[in-house]
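Let me begin by presenting the structure, written as structure tokens, before commenting on it.
The values are calculated or read from the model by the stated rules, or taken from the named source; none is laboratory data. Note that this is a predicted model, so its numbers are computed, not measured. Glycine also receives a Cβ, built like all others from the backbone with ideal geometry; neighbour counts cover every protein chain displayed.
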Number of protein chains: 2
Amino acid sequence: MPLKAIVLLSGGLDSTTTLAIAQNEGFETLTLSFDYGQRHRVELDRARTIAEQMGAVEHRVVTVDLRQFGASALTDTIEVPTHRSAGEITSGIPITYVPARNTIFLSYALACAEVMECGDIFIGINAIDYSGYPDCRPEYIAAFEKVANLATRIGVEGARKLKIHTPLIQMTKAQIIKKGLDLGVNHSLTHSCYDPDENGIACGVCDSCLLRLKGFKEAGALDPLKYRA
Amino acid sequence: MPLKAIVLLSGGLDSTTTLAIAQNEGFETLTLSFDYGQRHRVELDRARTIAEQMGAVEHRVVTVDLRQFGASALTDTIEVPTHRSAGEITSGIPITYVPARNTIFLSYALACAEVMECGDIFIGINAIDYSGYPDCRPEYIAAFEKVANLATRIGVEGARKLKIHTPLIQMTKAQIIKKGLDLGVNHSLTHSCYDPDENGIACGVCDSCLLRLKGFKEAGALDPLKYRA
């Protein structure tokens, strides 16, 4: 019987590639998405479609109200920055930072792992393009893995240690795109934009769109998405 | 100006005593309660009353849907055990265990700490009476504190390290009750029962009531609560 893994799936390019990697490593995958009042709610639909089309055995959506903690352009009404250079995008803690978001998401994944008796969690975080997020660094993940093994029945009593997999953590966006192409990821299903229109069409000028477009260019590949700008 | 601390407040005896300890140490307190679909919802009202009466500067309630992760008598419809001996209550992982609950709660407290620029979090967990919960042990808290400092702006850039305070972790229930009496805690406001009736009257026979009653007896004090049994 294949081992089960939980994959955090936002419907973006990184988490979708992470799902493909987990499946390529032989895991039976359960995908977990978070409805945290994000402005770009189209990603929840994309995540569900991706989970179905890629054959996840189960897809769950957890509602998490992060808006009460404010302080982020992804959930508040403050403006998403546009047309920034790569240097501007990757320096400092970004305006799109949501406080403790990855810790909250990984905690839910841990609850899910405990209930499903599943010892592997995959998360598509990346320390290269988003160096400003403190909770995207390898030392953070190592510390959380320790918490996971101390906090849970499966960690304390299980035959194997609980593992947090971060296969993309040291990859550039171009490498992630190439990896996805190698594994047959359908990039047209993935979503990156911080500020899509009501039809889900990407803006092409927010930090996330700019990093994606730059990644495709560097990978020598064509981004199948439509953009309004 | 006094330092601010976040105190996780369930409205129970332990968390209320923890709030009193934080205030006694000079912290200005912000209390945080969780609505996680618990069967004993009376505790949310008690928590609010306690926060007000004890002068917390702010009280927040975070909605967390743990029911989707099942596996616990506190959120499911499985029966709460009654009339058990102290030995039965404290051996093994209890039926009232909620998967990864403390990790989820501490993650929200961390988000709150980040937004409020507050470096101190108090949680009234206890390793003596609830030895069966893996996430009530000192090594678990130490590991989470490390995560907290790696995960957040305040941990990475702040002048002081973020600290998770667990003042009750090595106390017996009787010691917690005595400490509360010393600090003027109004025990009649606190709630412990896993299975209160519609008026919030405690059953007197669930594990939590039994531990509370045993604690008051050992402390040589009278429990001001009414019980139906």
Q: Search the stretch B:114-144 for residues being in contact with a strand residue (DSSP E or B) (Cβ under 8 Å, 6 or more places away or on another chain) and over 14 Å from residue B:6 (Cα atoms), and hand back the single one that is surrounded by the most Cβ atoms within 10 Å (Cβ to Cβ).
A: B:144
Q. Out of all the residues in the stretch B:186-209, which are buried (at least 21 other Cβ atoms within 10 Å of the Cβ), among the hydrophobic types (A, V, I, L, M, F, W, C) and out of contact with any Leu (no Cβ under 8 Å at 6 or more places or on another chain)?
A. B:193, B:206, B:209
Q.
Is it the case, given these coordinates, that residue B:153 is touching a helix residue (DSSP H, G or I) at 6+ places or on another chain (Cβ under 9 Å) and of a type outside the set (Asp, Glu)?
A. yes
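Tell me which residues, restricted to the stretch A:174-184, are crowded, with 22+ Cβ neighbours inside 10 Å and out of contact with any Leu (no Cβ under 6 Å at 6 or more places or on another chain).
A:177, A:180
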Q. Filter the stretch B:137-173 for residues that are under 14 Å from residue B:127 (Cα atoms) and aliphatic (A, V, I, L, M); which is farthest from the other protein chains (Cβ to nearest Cβ)?
A. B:171
Q: Return yes or no: is residue B:128 farther than 30 Å from residue A:35 by Cβ, more than 8 Å from chain A (Cβ to nearest Cβ), touching a Pro at 6+ places or on another chain (Cβ under 9 Å) and modelled with pLDDT under 90?
A: no
Q.
Can you name every one of the helices (runs of 4 or more DSSP H) wholly within the stretch B:1-113 that holds 1 or more residues which are surrounded by fewer than 18 Cβ atoms within 10 Å (Cβ to Cβ), over 14 Å from the mean Cα position of the chain (by Cα) and at pLDDT 95 or above?
A. B:13-24, B:42-53
Q.
For the stretch B:1-29, which positions are in contact (Cβ under 8 Å) with a residue 40 or more places away in the chain and out of contact with any strand residue (DSSP E or B) (no Cβ under 9 Å at 6 or more places or on another chain)?
A. B:12, B:13, B:14, B:16, B:17, B:20, B:24
